[in-house]
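The values are calculated or read from the model by the stated rules, or taken from the named source; none is laboratory data. Everything numeric in this text was worked out from a predicted model, so none of it was measured. Heads up, the Cβs are rebuilt from the backbone with ideal geometry, glycines too, and the neighbour counts pull from every protein chain shown.
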Amino acid sequence: MTDGPASPAPPDALAPVGESASPEAIDPARGPAAPMDYDAVGESRWPMVIAVFAVLLLSSVPPARVTVLGIPLLPLVVGVLLAVLVLGDPGRIDRRSRWLRNVSLALVGVLVLGALSGTAFLIIDLVDGSPLVNQAGALLIYGAKVWLANNVAFALLFWQMDRGGPAERVHGSSRYPDFVFPQEADPSLAAPGWRPRFIDYLYVAFTNANAFSATDTMPLTGRAKLAMETQALISFVILTLVLARVVSVFTSGPS
């Protein structure tokens with residue numbers, strides 16, 4: 001028997017074993033706590049910068065078709081555009097700006113144009129039997145350089161295309177998506193507030209280049225479908241012609 005009214009149980013006593021109740025979870029006036037946003041701030045620019053630097057390194061590997069004063073033109077132009085982007089919006093990508101958007105699109109355009117021109121030069125060399133493709137080792141390096149540059153260029157294109165680009169997505173763009181990821185189709189697969197980042201678009205580009213079709217991420221708009229079809233066709237042509245030539249060199253020797 002007790003001498004007075006029982007004292008209320010402490011808040012933590014009401015929580016399940018192994019957990020402690022937060023004030024938001026037990027305060028009737030405030031209600032349950034809102035789930036933490038997985039990506040409440042803009043994504044880091046560094047994964048994109050690293051990918052672009054990889055393209056710059058690849059473009060410096062011979063042959064370099066277009067040069068200015070002995071310097072390959074593609075790394076020169078891409079380096080300037082990348083420096084402008086990093087200085088204009090360093091760190092995380094969350095600044096809405098028309099000129100930054102235009103510079104980003106210019107960077108993507110230069111990289112895609114460079115990748116397409118590299119593919120065209122490779123095909124011409126293969127068809128004409130250029131000395132550049134008469135050694136299996138050199139040909140594999142040449143083909144890998146062009147294939148990887150295409151994949152990174154199209155990854156950047158997908159990344160900038162989808163819902164107006166990364167800066168728009170972090171501010172909750174109202175545009176319809178160009179791609180739908182599994183985490184968007186089924187929110188239970190990811191943390192609340194999940195949004196695709198550059199690495200997700202890079203994965204889409206590489207799987208599209210290997211499978212020659214969409215895998216787990218589906219293109220929704222016409223421009224997204226056209227971009228993926230173009231990349232898949234380019235990848236198919238590169239892999240088919242390069243591997244056929246390599247087999248020919250191995251079996252019959254250099255021409």
Kindly provide the set of residues from the range 179-193 that are in contact (Cβ under 8 Å) with a residue 24 or more places away in the chain and either touching a strand residue (DSSP E or B) at 6+ places or on another chain (Cβ under 9 Å) or of a type in the set (Val, Ile, Thr) (or both), ordered by number. 179, 180, 181
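Within the range 222-245, is there a residue that is outside any loop (DSSP other than H, G, I, E, B), farther than 20 Å from residue 150 by Cβ and out of contact with any Phe, Trp or Tyr (no Cβ under 7 Å at 6 or more places or on another chain)?
Step one: of the range 222-245, the residues outside any loop (DSSP other than H, G, I, E, B) are 222-245.
Adding the requirement that they be farther than 20 Å from residue 150 by Cβ leaves 222.
Narrowing the set further to residues that are out of contact with any Phe, Trp or Tyr (no Cβ under 7 Å at 6 or more places or on another chain) leaves 222.
Yes; the residues of the range 222-245 include at least one that is outside any loop (DSSP other than H, G, I, E, B), farther than 20 Å from residue 150 by Cβ and out of contact with any Phe, Trp or Tyr (no Cβ under 7 Å at 6 or more places or on another chain).
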For the range 185-205, give me each residue that is surrounded by fewer than 18 Cβ atoms within 10 Å (Cβ to Cβ) and under 9 Å from the mean Cα position of the chain (by Cα). 199, 203
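Within the range 170-184, which residues are at pLDDT 85 or above and either outside any loop (DSSP other than H, G, I, E, B) or surrounded by 11 or more Cβ atoms within 10 Å (Cβ to Cβ) (or both)? Please lay out each step first, then the result.
Taking the range 170-184 first, the residues at pLDDT 85 or above are 176-184.
Selection gives 177, 178, 179, 180, 181, 182, 183, 184.
Restricting attention to the range 185-221, and to residues there that are of a type in the set (Ser, Thr, Tyr) and in a helix (DSSP H, G or I), which single residue is nearest to residue 144 (Cα to Cα)? Spell out how you get there, then give the answer.
Keep residues of the range 185-221 that are of a type in the set (Ser, Thr, Tyr), which gives 188, 201, 203, 207, 213, 215, 217, 221.
When the remaining residues are screened for being in a helix (DSSP H, G or I), the result is 188, 201, 203, 207.
Working: 188: 38, 201: 20, 203: 17, 207: 16 Å.
The extreme case among them is 207.
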State yes or no: is residue 163 surrounded by fewer than 21 Cβ atoms within 10 Å (Cβ to Cβ) and of a type in the set (D, E, K, R)? yes
Pairs, first of a type in the set (Gly, Ala, Ser) in the range 200-215, second modelled with pLDDT of 90 or more, C-beta under 6 Å, six or more apart: 205/151; 205/154; 205/155; 209/151; 209/235
Residues of the range 128-168 satisfying the condition of being among the small types (Gly, Ala, Ser), over 26 Å from residue 224 (Cβ atoms) and outside any helix (DSSP H, G or I): 129, 130
List every residue pair whose Cβ atoms lie under 7 Å apart, where the two residues are 6 or more positions apart in sequence or sit on different chains, the first residue falls within the range 87-106 and is aliphatic (A, V, I, L, M), and the second residue, located anywhere, is part of a loop (DSSP other than H, G, I, E, B). 93/42; 93/43; 93/45; 100/89
Hey, could you check the range 89-138 for residues that are surrounded by 13 or more Cβ atoms within 10 Å (Cβ to Cβ) and among the hydroxyl-bearing types (Ser, Thr, Tyr) and say which is modelled with the lowest pLDDT? 130
Can you run down the residue pairs with Cβ atoms below 8 Å, 6 or more apart or on separate chains, where the first is in the range 151-168 and free of Cβ contacts under 8 Å to residues at least 60 places away in the same chain and the partner is among the aliphatic types (A, V, I, L, M) and assigned to a helix (DSSP H, G or I)? 160/105; 160/108
